[in-house]
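Quick one: this structure, given as structure tokens, is what I'll be asking you about.
The values are calculated or read from the model by the stated rules, or taken from the named source; none is laboratory data. Just so it is clear, the structure is predicted and the values come from calculations on it, not from any experiment. FYI the Cβ positions are ideal-geometry reconstructions off the backbone, even for glycines, and counts take in every protein chain you see. The accessibility values were calculated without ligands, DNA or RNA, using every heavy atom of the protein model including side chains. Shrake-Rupley method; radii C 1.70, N 1.55, O 1.52, S 1.80 Å.
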Amino acid sequence: MSDQYIIRSNEYIKILPAWAQELANKYGSKTANLYILHGNILDFLPHERKEGEFTFTRIQDYISEIIFGNMDIIAYYDRSSGVTFCENQMELDYINAAPKFAVSADEDKSDFISRDPEKSFPYLEKYFLSQSPKLRKVLIIDQAEHIVPAGDLIRLSDADRYCMVTFNRWATDPKFIKSDISIILLTENLSDISSRLSSSPSTVKISVPFPDAKIRESFLRSREKEGKLMLDKGLTAEKLAAITSGLNLMNLNRLAAESYEKDEPLSLDFMRKKKKEIIENEAGGLLEFMETSYDLSHVSGHDFVKKRFKNAAKAIKKGRPDVLPMGYLIAGPVGTGKSFMVNAFAGEIGIPMVKFRNFRTKWQGETESNLERVLNLLVAMAPVGVMIDEADAFLGDRDQEGDSGTSNRVFAQIASFMGNTEFRGKIIWFLITCRPDLIPIDLKRQGRAEEHLALFYPESKKDREDLFNTLRRKLDLDLRNFSVSDLFKKYDHEYSGADLEAVLVRANLLAAMADRVFVKKEDMEEAMSDFVPAAYPHEVELQNLVAVLECTSKEMIPSRFQKLPRSKIISDIQELKALLGER
């Protein structure tokens, strides 16, 4: 029968997706019998029966029907339904045979298919081992995180401990491989499964990916062929597939069904809005879409940084992700527009930009699970930009203590993901901080946040005037009857972008209180004369110096810092840190 399977495996090998090929190959090698399938397991999965012709089914049916062909013995188990089989005859054969393995004649027959694994698993094990080695025996366990959950052993229930020991024994006992018994655990997040099981060398881990554009298009075409997809004029299945990266087929099916029931065609604007909503929901609120109506033309000054970003935008539009950095470190003192610069870059290139939200929780194991879900979504959404604001505080480091190692594991998980060169140009990282010195070298080295850029306050009057005019356009203000140059001669302060924006908003408020829709010279003078920038000169100077030290190009550095020796900058940083009570 194993030879027959290999023939079937070879027959399917050209049309199975990569994850299913891996499962088939691992099974065919007869070197393992415990598999964990994780990732996009709750979705419809595509099977290409002929070139370009797909059918779509759920993962349990996919494994049973397509990989194993509903042959021999295929059983299912989950906490809700207990033990079931893919064919009625299989279940009948099991029910008839199970009494032979009962300890006493009074054994309750409901134990054979019980939801309690301590009752049903011994019967399944004895039944499988009693069958001919020529028969394939497969047990598919759904939502495995509910019977072998992540966490310390001391916190596990007796039933969970029983399952842990049972699976480890099944994975390492040679008689299970000889008897052709395979155990397949299904879970969305690998980190939800006990690490003692998921990290065991006896366990095969296989990731089921989100559908790519080709699969999404095939799914949409199948719904279109069935007459259950209504598209707006000019919108095709191909175009719809291209803009729905990050959505799985279940979500696409739901949107198509809702549209069909309402008799309203799907439009481009509607799909973009729903994509944002669905992905944020799928991420459990851990990702936020950054929508922007700005591009780099709305950014004043910072010419070197804008030039770098414009070149990157050209490379993306030309389909050359190989020439892009893995990520950017954006440094500079508070109020220089670091986040706005990244938003403007997103508007320039037209790819979605998302922002990490806090994925940490107080519950052990949940933080790692949250992060795994977010990273899987990023892969599905590619190409995508990922903005992490206040990165020095958000990401932590390898040496954090006090949370049972969670922060260390999270840091290692993020660092490993950021350094995966398969995602170059597909997932672009933007680490934003005013204290780049606090970000561990692991994250800002080459191969991760490779390009180090810095933004500084405008140095000259002309720079401040350009910034003023840019902010006026951004805020869409109508300013009348005064010279910006004269204004800065009279009020010659060192303004950050945030300071100037605050002044303009105040002036606009004064105009509104006077029942005007335009800002006059008197409004601006009153706002500027009254404005007092926040006084934290030592902190700002420290932020300037660490940004200078981080720059990977001299052209970015303000002229007043360019001639300073590196040793002088380092000693000034140390003095400022001592003054501020830092180590």
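Among the listed residues GLU277, GLU238, GLU282, GLU264, which satisfies the condition of being under 18 Å from the mean Cα position of the chain (by Cα) and surrounded by fewer than 16 Cβ atoms within 10 Å (Cβ to Cβ)?
That would be GLU277, the only listed residue that is under 18 Å from the mean Cα position of the chain (by Cα) and surrounded by fewer than 16 Cβ atoms within 10 Å (Cβ to Cβ).
Further, regarding this structure: Restricted to segment 55-74, and to residues that are open to solvent by 40 Å² or more (accessible area, probe 1.4 Å) and touching a strand residue (DSSP E or B) at 6+ places or on another chain (Cβ under 9 Å), which residue is farthest from LEU249 (Cα to Cα)?
So the residue we want is GLU65.
Quick check, is VAL540 out of contact with any strand residue (DSSP E or B) (no Cβ under 8 Å at 6 or more places or on another chain), among the hydrophobic types (A, V, I, L, M, F, W, C) and either closer than 16 Å to GLU465 by Cβ or not in a helix (DSSP H, G or I) (or both)?
Criteria not met by VAL540.
Only one of SER114, SER110 is more than 26 Å from the chain's Cα centre (by Cα), free of Cβ contacts under 8 Å to residues at least 12 places away in the same chain, over 30 Å from ASN376 (Cα atoms) and open to solvent by 10 Å² or more (accessible area, probe 1.4 Å); which?
Just a single option satisfies the conditions, and that option is SER110.
Go through (1) part of a helix (DSSP H, G or I); (2) among the aliphatic types (A, V, I, L, M); (3) open to solvent by 50 Å² or more (accessible area, probe 1.4 Å) for VAL334 and report which single condition fails.
With (1) part of a helix (DSSP H, G or I); (2) among the aliphatic types (A, V, I, L, M); (3) open to solvent by 50 Å² or more (accessible area, probe 1.4 Å) applied to VAL334, the lone miss is (1).
To continue, here is another question. Determine whether HIS38 is modelled with pLDDT under 90, part of a strand (DSSP E or B) and surrounded by 17 or more Cβ atoms within 10 Å (Cβ to Cβ).
No.
Note down all Cβ pairs under 9 Å where the first residue falls in segment 271-282 and is free of Cβ contacts under 8 Å to residues at least 60 places away in the same chain and under 14 Å from ARG357 (Cα atoms), the second is of a type in the set (D, E, K, R) and outside any helix (DSSP H, G or I), and they're at least six residues apart or on different chains.
GLU280/GLU288
Check whether at least one residue in segment 87-102 is more than 21 Å from MET71 (Cβ to Cβ) and part of a loop (DSSP other than H, G, I, E, B), and report yes or no.
Yes; the residues of segment 87-102 include at least one that is more than 21 Å from MET71 (Cβ to Cβ) and part of a loop (DSSP other than H, G, I, E, B).
Search segment 417-442 for residues that are open to solvent by 50 Å² or more (accessible area, probe 1.4 Å) and pair each with any residue that is of a type in the set (Asp, Glu) when their beta-carbon atoms are under 7 Å apart and the residues are at least 6 apart or on different chains.
As it stands, the answer is ARG424/ASP322; LEU438/ASP392, since those pairs meet every condition given.
Are any residues in segment 486-501 small (Gly, Ala, Ser), open to solvent by less than 40 Å² (accessible area, probe 1.4 Å) and part of a helix (DSSP H, G or I), and if so, which ones?
GLY497
Any chance you could count how many residues in segment 211-221 are open to solvent by less than 40 Å² (accessible area, probe 1.4 Å) and assigned to a helix (DSSP H, G or I)?
Here the count works out to 5.
Then there is this: Identify the residue in segment 315-331 that is at pLDDT 90 or above and touching a helix residue (DSSP H, G or I) at 6+ places or on another chain (Cβ under 7 Å) and, among all such residues, is farthest from VAL305 (Cα to Cα).
Checked segment 315-331; the qualifying residue farthest from VAL305 (Cα to Cα) is MET326.
Name the residue, out of LEU139, LEU197, LEU186, that is in contact with a strand residue (DSSP E or B) (Cβ under 9 Å, 6 or more places away or on another chain), assigned to a helix (DSSP H, G or I) and crowded, with 16+ Cβ neighbours inside 10 Å.
Only one candidate passes the filter, namely LEU197.
Specify which of the listed residues (ASN343, ASN358) is part of a loop (DSSP other than H, G, I, E, B), polar (S, T, N, Q) and either surrounded by 21 or more Cβ atoms within 10 Å (Cβ to Cβ) or at pLDDT below 85 (or both).
Every option except ASN358 fails the conditions.
Then there's this: I need every pair where a residue in segment 88-99 that is under 19 Å from PHE121 (Cβ atoms) has its Cβ under 6 Å from the Cβ of a residue that is at pLDDT 90 or above and of a type outside the set (A, V, I, L, M, F, W, C), sequence separation at least 6 or different chains.
Between residues of segment 88-99 that are under 19 Å from PHE121 (Cβ atoms) and residues that are at pLDDT 90 or above and of a type outside the set (A, V, I, L, M, F, W, C), the close pairs are TYR94/TYR127; ALA97/TYR127; ALA98/TYR123.
Taking the condition modelled with pLDDT of 80 or more, under 23 Å from SER339 (Cβ atoms) and not polar (S, T, N, Q), does ASP397 pass?
No, not satisfied.
Criterion first (under 12 Å from the mean Cα position of the chain (by Cα), under 22 Å from ILE279 (Cβ atoms) and modelled with pLDDT of 80 or more) does ILE432 satisfy it?
No, not satisfied.
Among the residues of segment 524-580, write down those that are among the polar types (S, T, N, Q), over 30 Å from ASN481 (Cβ atoms) and open to solvent by 30 Å² or more (accessible area, probe 1.4 Å).
The answer is THR552, SER559, GLN562, SER567, SER571, GLN574.
State yes or no: is GLU348 over 13 Å from the mean Cα position of the chain (by Cα), surrounded by fewer than 18 Cβ atoms within 10 Å (Cβ to Cβ) and either within 24 Å of TYR328 (Cβ to Cβ) or modelled with pLDDT under 75 (or both)?
no
Moving on. Which one is most open to solvent (accessible area, probe 1.4 Å), of the residues in segment 444-471 that are in contact with a Pro (Cβ under 9 Å, 6 or more places away or on another chain) and in a strand (DSSP E or B)?
Step by step, filter segment 444-471, then rank; the result is GLU451.
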